[in-house]
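Take a look at the structure set out below.
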Amino acid sequence: MKDLTAREFGYGHPTPLFMIGTYDEDGRVNFMNSHWGALNHGGYINLNINTNKKTHLNIEKMKAFTVTLATEKLMPYADFFGTYSGFQYPDKFKKSGLTAHKAKYVNAPIIDGSTLVIECELVEILYQEHIHTIIGRVKNVSVDESVLDAQGKVDASKLGMIFFDSFSRGYFTLGNRVGDAWSVGRSISPN
């Protein structure tokens, strides 16, 4: 095995790319991209967003946000939102040419044409020496019917979601299904 320096490692392994949506105090739509977040048990989501981001400030003030799974179709926009700061370009969403509407359950925007959006209300922000974590309670998940299977469940192969890979600084799509969770490991006996 080869040892990597922190610089070579970058920001870690491939992670889903999220687009975090907020309104600012003037009602302007703001989106940023983020790959530092995850759902946790009990219907909560954790986002690691630095305090120097417009999105962080908007979440503090508005107490709400949306998380949109970035897809191949939305990839150029997700990259745009991650390239330009909402502080420097307060109307960057408008410049993107996309349109949005207000979420049903929280005061935050949803990009029109999104396939999966999680609506969240702010629960708390944890400030630690090396990390700032925004914790949101999931209030609703909206899914476009085009990504559902015959049983009405989300079909990951239809989502078109992308992942950010810090090793190559690239975006990748979800690969093939290679096994069934909580099943393929049963072939290994714990005895």
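For the stretch 120-132, backbone phi angles converted through the Karplus equation (6.51, -1.76, 1.60; θ = phi - 60°) give residue-by-residue couplings of 10, 10, 5, 9, 6, 10, 9, 9, 10, 4, 10, 7, 10 Hz, Gly and Pro being listed as x. Of the GluC sites (Glu not before Pro) found in the stretch 73-170, the ones in coil according to DSSP and having at most 16 other Cβ atoms within 10 Å of their Cβ are 129.
Over the stretch 1-105, average the accessible area per residue using a 1.4 Å probe and give it in Å², no decimals. Walk me through the numbers on the way to the answer.
Working: 6090 Å² over 105 residues.
That works out to 58 Å² per residue.
Altogether, the Stokes-Einstein calculation at 4 °C and 1.567 mPa s, with the Kirkwood radius of the stretch 68-181 over Cα pairs as Rh, returns a diffusion coefficient of 79 µm²/s.
For the stretch 140-191, with every protein chain kept in place, what is the accessible area per residue (1.4 Å probe, Å²)? Display every interim value, and only then the final one.
Values: 4180 Å² over 52 residues.
I get 80 Å² per residue for the stretch 140-191.
Does the stretch 62-112 classify as rounded, prolate or oblate by the C-alpha gyration tensor (a ≥ b ≥ c root eigenvalues; a/c under 1.5 gives rounded; else a/b over b/c gives prolate, otherwise oblate)? Oblate, since a/c reaches 1.5 and b/c is not below a/b.
Put simply, when 20-33, 40-53 are sorted by average Cβ atoms within 10 angstrom per residue, most first, you get 20-33, 40-53. For the chain, the dipole from Cβ point charges (+1 on Lys and Arg, -1 on Asp and Glu) about the Cα centre works out to 100 debye, to the nearest 20. Just report the Cα centroid separation between the stretch 173-191 and the stretch 122-153, whole Å. Rounded to whole Å, the Cα centres lie 25 Å apart. In this structure, residue 151 and residue 177 have a Cβ-Cβ separation that, at R0 = 22 Å, corresponds to a calculated FRET efficiency of about 0.90. Can you give the accessible area of residue 36, probe radius 1.4 Å, in Å² rounded to 10? Approximately 100 Å² for this residue.
Only the Cβ atoms of Lys and Arg (+1) and of Asp and Glu (-1) were treated as charged; on that basis the dipole of the stretch 109-155 about its Cα centre amounts to roughly 140 debye.
Within the accessible area of the stretch 1-137, what % is carbon and sulfur when the probe is 1.4 Å and the other protein chains stay in place?
Carbon and sulfur together cover 53 percent of it.
Note that the stretch 105-119 has calculated 3J(HN,Hα) couplings of 10, 9, 8, 7, x, 10, 6, 4, x, 5, 8, 8, 10, 10, 8 Hz, one per residue in order, obtained from phi through the Karplus relation 6.51 cos²θ - 1.76 cosθ + 1.60 (θ = phi - 60°); glycine and proline are x. Label-to-label distance for residue 166 and residue 105 is 3.1 nm, based on points extended 7 Å past Cα in the beta-carbon direction.
The values are calculated or read from the model by the stated rules, or taken from the named source; none is laboratory data. As the structure is a prediction and not an experimental result, all values here were calculated from the model. Virtual Cβ from ideal backbone geometry, glycine too; neighbours counted across all protein chains shown. With ligands, DNA and RNA removed, areas are computed over all heavy atoms of the protein, side chains included. Shrake-Rupley method; radii C 1.70, N 1.55, O 1.52, S 1.80 Å.
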